[in-house]
Amino acid sequence: MGATASLAPRALKAEAGGEARCEVKIRNAGTVVDQFIIDVLGTAAEWAECEPTSVNLLPGDEATVSVVFKPPKDYSARAGEMPFGVRIFAKEDPKGSTVEEGTLEVMPFGLLEAEIVPRTSRGRRRGVHEIAVDNRGNTQVNADLLATDADQLLRYDIHPPAIVCEPGTATFAKVIVRPKKRFWRGPAKTIQFQVTAAPQGTPAATADGAIVQESLIPKWLPTALAALLALALVFAVLWFTLFKPKIQDTAKDAAKQELQQSQDAAKQAAQNAGKAAGAAQTAQNAAVQAATGKGTAGAGGNQGTTPTTSPNSAALTNLIAGGDEASFRLDAHVATPPGTDTETASTAIPAGKSLFLTDIIVQNPQGDSGSLVINGPDGKALLTFGLDNFRDLDYHFVAPILYKQSTPPQIVVNCTAVTAPNTSCNESVSFSGVVGKPS
């Protein structure tokens, strides 16, 4: 039949860190000598000890075994009731084994620890800390967080103001500390404060902290301002004694050079104007002589004299005769400077006629860099311009320039750079004159 057993008492209470004891009375109800092994089942088994752990009984004999529970004083022994079983295993008759059941109630205890991180903060207007509350007890803790300092010099913001902390866990809250009074200058001041986690029915935990309040004006600022002022004085002295005179001399030299260049250009323009005027006068005299010669021949004058007619005089004759006015424009585009574009007025002169060019307008609206060349009737450069030197230029010829259909006007643009980013080089030349047949 195996074993019979009885447990007394069946309900136990134990303080964490203490012990509780019960006894199991075992009787050999079998017909043979048997060995009975005693152990504990359930969550509380790890804290239980059986004294002794085994007994040998003759049929009908009895023995008493003590079972001692020693829950530790930490969060692993959670407060509350937990069931357990005492097993009596019959080695000779396993089917005759038995289990006696009981309950063990672990009494609650509270143990809180608190720490402020960082221990000390620095600031002019506030300090930021965290409080860590560690629950080393065996029951849940609801605690309010309170902060104070001995002289009431600080204001506090705690988020959250109350915490719930499970056994064996740590809960954090932010603590912002603000001095009630500020000062502009002077040494830093250290203010001590305390934050307390105050639960109900459990001893409170207190953590110490401090804020080092600094002046609103940093210590280094006066030194930095003095150094800056000294540097400004040194710069002022250098400016008035060295840099400014040198810059003024350089500016004067540049102005003189530009003035000299302007005077040279004016002289050259005056010389060119004189030459042009002389050429115009020569052409006009030739036209008058030609007209006078023809009249004399018709009147019976000197028949051996043949008047000479230059292209310019022929142009004037056509203008007087009433040729067709003509105007056209050549545009040069360089999509990706640097580059070159050549444009020719291939259809500007009708078949069998010539162009008597009287006016030219050159335009560089973007202020591009490079050169522009206008070829003459002989295919060679008639006028050359530096793009950097102008935006708009007008040229008016006293004596028209004769272009035949086989040699129309042509422009060649060499663009090296543009002023506006991501744009092409765009230059143009407008031509005006008269289209007619040469005399």
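The values are calculated or read from the model by the stated rules, or taken from the named source; none is laboratory data. Everything numeric here is computed off the predicted structure, so don't read it as measured data. Cβ atoms come from the backbone with ideal geometry, glycine included; neighbour counts cover every protein chain shown.
Can you work out which of the residues in region 51-62 that are assigned to a strand (DSSP E or B) and surrounded by fewer than 17 Cβ atoms within 10 Å (Cβ to Cβ) is nearest to the chain's Cα centre (by Cα)? That would be 51. All of (1) in contact with a Pro (Cβ under 7 Å, 6 or more places away or on another chain); (2) surrounded by fewer than 21 Cβ atoms within 10 Å (Cβ to Cβ); (3) modelled with pLDDT of 90 or more hold for residue 431 with one exception: (2). Applying a threshold of 9 Å to beta carbon distances and a minimum spacing of six or more residues, or different chains, the list of pairs starting in region 70-86 at a residue that is in the same structural domain as residue 47 (by TED's automatic domain parsing) and ending at one that is in a strand (DSSP E or B) and of a type in the set (Ser, Thr, Tyr) reads 81/103; 82/103; 83/103; 84/103.
Report yes if some residue within region 79-94 is under 30 Å from residue 165 (Cβ atoms), in a loop (DSSP other than H, G, I, E, B) and touching a strand residue (DSSP E or B) at 6+ places or on another chain (Cβ under 9 Å); otherwise report no. Within region 79-94, one or more residues are under 30 Å from residue 165 (Cβ atoms), in a loop (DSSP other than H, G, I, E, B) and touching a strand residue (DSSP E or B) at 6+ places or on another chain (Cβ under 9 Å). The conditions of being surrounded by 10 or more Cβ atoms within 10 Å (Cβ to Cβ), among the hydroxyl-bearing types (Ser, Thr, Tyr), at pLDDT below 85 and closer than 30 Å to residue 174 by Cα are not met by residue 196. Checked against the criterion of being modelled with pLDDT of 90 or more and either surrounded by fewer than 17 Cβ atoms within 10 Å (Cβ to Cβ) or among the β-branched types (Val, Ile, Thr) (or both), the candidates 217, 211 yield just one match: 211.
The set of residues in region 121-142 being over 16 Å from residue 156 (Cβ atoms) and either among the polar types (S, T, N, Q) or in a loop (DSSP other than H, G, I, E, B) (or both) consists of 124, 135, 136, 137, 138, 139, 140, 142.
Looking for something in a loop (DSSP other than H, G, I, E, B), surrounded by 10 or more Cβ atoms within 10 Å (Cβ to Cβ) and basic (Lys, Arg) - is there at least one such residue anywhere in region 240-250? Break it down stepwise before answering.
Just the residues of region 240-250 that are in a loop (DSSP other than H, G, I, E, B), to begin with: none.
Looking for residues that are in a loop (DSSP other than H, G, I, E, B), surrounded by 10 or more Cβ atoms within 10 Å (Cβ to Cβ) and basic (Lys, Arg), one finds none in region 240-250, hence no.
Within region 73-90, the set of residues being surrounded by 13 or more Cβ atoms within 10 Å (Cβ to Cβ) and of a type outside the set (Phe, Trp, Tyr) comprises 73, 74, 76, 77, 78, 79, 82, 85, 86, 87, 88, 90. Filtering region 351-362 to residues that are assigned to a loop (DSSP other than H, G, I, E, B) and surrounded by 14 or more Cβ atoms within 10 Å (Cβ to Cβ) leaves only 353.
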